[in-house]
Structures are given as C-alpha cells and as structure tokens.
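Working notes, beginning with the structure itself.
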Amino acid sequence: MSQKAYALLMFGGVGARFGWDKPKQFYVIDEIRRKTLLQFVVQKFVDFKLFDKIVVVCPEKYLDETKKLLREYINLLDFVIGGDTREHSVWNGLAFLENFASEEDIVVIHDGARPLVSKEIVQKNIECAKHYGAVVTAINATDTVSYSESGERVDEIIPRSKVFIHQTPQTFKYHIIKSAMESCIEILHTFTDEASIVTAFGIDVYYISGSRMNIKVTTLEDVIFVKRHLNDEHLD
Ligand SMILES: C[C@](O)(CO)[C@H](O)COP(=O)(O)O
C-alpha cells in the first residue's frame, strides 16, 4: 500500500513579535519576484511535487486575502482556519485530514515562517517518517547553553553537544500525531512544537539534520537575512 504525504503549512499566527501592522506572511521577502512570505513558501512546496495535498492553515480574519494571494495555485491547495495557539492550528489541520488520511499516511508540518527549507530536508523527513513514524528536523547548538529558573542568573550549564534546536518540518505517521495530540487536547497550549507532544505521548522522535539556513522569520532582522540570501541567490 503506498503511503500518501500531506503538507500542513502553518500560517496560523498573527506575528505579534514581528512588529508590523499585518501578519508576517504578507511581507514581501522576495523583492525580485515580488513574492510575499506566504506566496514564496507555498510555491516552494507546490514545486517540490512531493505531496498529495497541501493544506494552508491561516487566521480566519486573513482567509480571503490568503486565498487571493494564492489564486495561482488555488486548485492545488486546501485551506483550514487556525486556532488560538500553534498547536490548536495543527489540530485543526489534522481534523481536516481525517476525511482523507489513512493511519500510515505521512503528515509533514512546516512553519510558514521558514522559507529557506530545502527539498532535500523535506524529502528526508518523508522517507524517515515512513520508517520511524516520528521525526523532527533539528540542528546542534553551537553556542553555550544554560538553564535558569529565575531568568536572572545561571543555574546550570547544559552540555551543548546534548542540545538540539528544533526546526520544521516535523513529520509523523498520521495515526501517531493524531493520537498524541488527542491525548493532551486539554493542554495543547502548553506545547511549542509537535515533537514535544509526541515525546510526551511516549513515542520516540528521531532527528533529521536541519540547516542553519532554515531560519524562522520571527523579527524584521530575520527578514533582512532572508532577503539578502534571496538577492544573492538571484545574482549567482
Ligand atoms: C515549531 C518550532 O519552529 C520549533 O522550533 C517553533 O516552536 C515554532 O515557534 P512559533 O512560536 O510558532 O514561532
């Protein structure tokens, strides 16, 4: 039986930390091709040609604008309204997939705010999730990392070789992510990613090597980094 692959592209947030009057997905990050973050990421996932379905999760308030910007690919996409937190948005995406997905199908969850992810990383996620059931893209910490209860002074140094920074995609067999989220539905808001939920559910999550280029656009400085990279790429 061939396993299908579904992408959940998370544009559910309103970008409070971004400091702009609209959510960051509407910011033009590719000035040469005049593409917003939203258009850039969706086009990338469409071009990968790895998915049976691509689901765009976005805030209700911006659904019309999102659809308008993506009209070029509208027949290739499905749209789901996000929830109050990231994990509620993912849950809404999974609930939508219930109509299509089989237990063993693969769900690739990706932050809409990570435009520089490569096809290789996404492919590796799908391959490894077929084998392991649950994988997270991650990189090693290269700075020294400490733990602090108060946030004012260092309590403990954590050996950095043992610290992994989670990125996306995070990829799972449908039944694993669905059962894991169901099991903690009341406390979804306490989690910041899906790997944490699946780990809390007692299922092993395996690392896929990420990339330092796969940054999450959180602030306007991050946008400058991405824009510069895309401009350089265009000049090459
Ligand atoms: C999922 C994530 O990218 C893993 O590092 C991160 O937790 C997303 O955080 P955000 O608060 O949705 O930006």
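What ranking do 143-149, 17-23, 49-55, 2-8 get when scored by the average of other Cβ atoms within 10 Å per residue, highest first?
Working: 143-149: 10.3, 17-23: 13.4, 49-55: 17.0, 2-8: 19.7.
With the highest mean Cβ count within 10 Å placed first, the list reads 2-8, 49-55, 17-23, 143-149.
Subtracting the Cα-Cα distance of LEU63 and GLU221 from 0.36 nm times their residue separation leaves 54.2 nm of extension gain.
Using C-alpha pairs under 8 Å with a sequence gap of at least 6, the mean separation divided by the residue count of the chain gives a relative contact order of 23 percent.
Geometric descriptor of the chain, per residue, is 147 Å³ (volume of the convex hull of the Cα atoms).
Most simply put, the chain has about 45% antiparallel DSSP beta bridges, counting only bridges with both residues inside it.
Select from the stretch 134-236 those trypsin sites (Lys or Arg not before Pro) which occupy a DSSP coil region and have at most 15 other Cβ atoms within 10 Å, ordered by residue number. Let's see the in-between values first.
Details: sites: ARG153, ARG160, LYS162, LYS173, LYS178, ARG212, LYS216, LYS227, ARG228; in loops: ARG153, ARG212, LYS216.
Counting only loop positions with at most 15 other Cβ atoms within 10 Å, the trypsin sites (Lys or Arg not before Pro) in the stretch 134-236 are ARG153, ARG212, LYS216.
Nearest 0.05, what FRET efficiency do ILE74 and HIS175 give at R0 = 25 Å with Cβ-Cβ as r? FRET efficiency, ILE74 to HIS175: 0.25. Per residue, the stretch 33-163 exposes an accessible area of 52 Å² to a 1.4 Å probe, with every protein chain left in place.
Roughly to the nearest percent, how much of the accessible area of the chain is carbon and sulfur, given a 1.4 Å probe? Walk me through the numbers before you get to the answer.
Working: 5980 of 12240 Å².
Here it works out to 49 percent.
Label-to-label distance for ASP204 and ARG33 is 3.9 nm, based on points extended 7 Å past Cα in the beta-carbon direction. Filter the DSSP H helices in the chain by two things, a Kyte-Doolittle mean of at least 0.0 and an axial alpha-carbon span of 15 angstrom or more, and list the hits by number. The answer, listed by residue number, is 37-48. Summed over qualifying helices (DSSP H, 4 residues or more, each -39500 (n - 2.57)) and divided by its residue number, the chain shows a 222 nm mean residue ellipticity of -10000 deg cm²/dmol. A probe of 1.4 angstrom, applied to the heavy atoms of all protein chains, finds GLU186 with accessible area near 150 square angstrom. If you add up the charges near ASN214, with Lys and Arg at +1 and Asp and Glu at -1, over every other residue whose beta carbon is less than 13 angstrom from its beta carbon, what do you get? So the surrounding residues net to +3.
Would you work out if the stretch 129-195 is rounded, prolate or oblate? Take a ≥ b ≥ c from the square roots of the eigenvalues of the alpha-carbon gyration tensor; rounded if a/c is under 1.5, else prolate when a/b is larger than b/c, oblate otherwise. Note, shape of the stretch 129-195 comes out oblate.
The values are calculated or read from the model by the stated rules, or taken from the named source; none is laboratory data. This is a predicted model, so every value here is computed, not measured. Here the Cβ is made from the backbone with ideal geometry for all residues, glycine too, and neighbour counts use every protein chain on show. Calculation scope for accessible area: heavy atoms of the full protein, side chains included, ligands and nucleic acids excluded. Shrake-Rupley method; radii C 1.70, N 1.55, O 1.52, S 1.80 Å.
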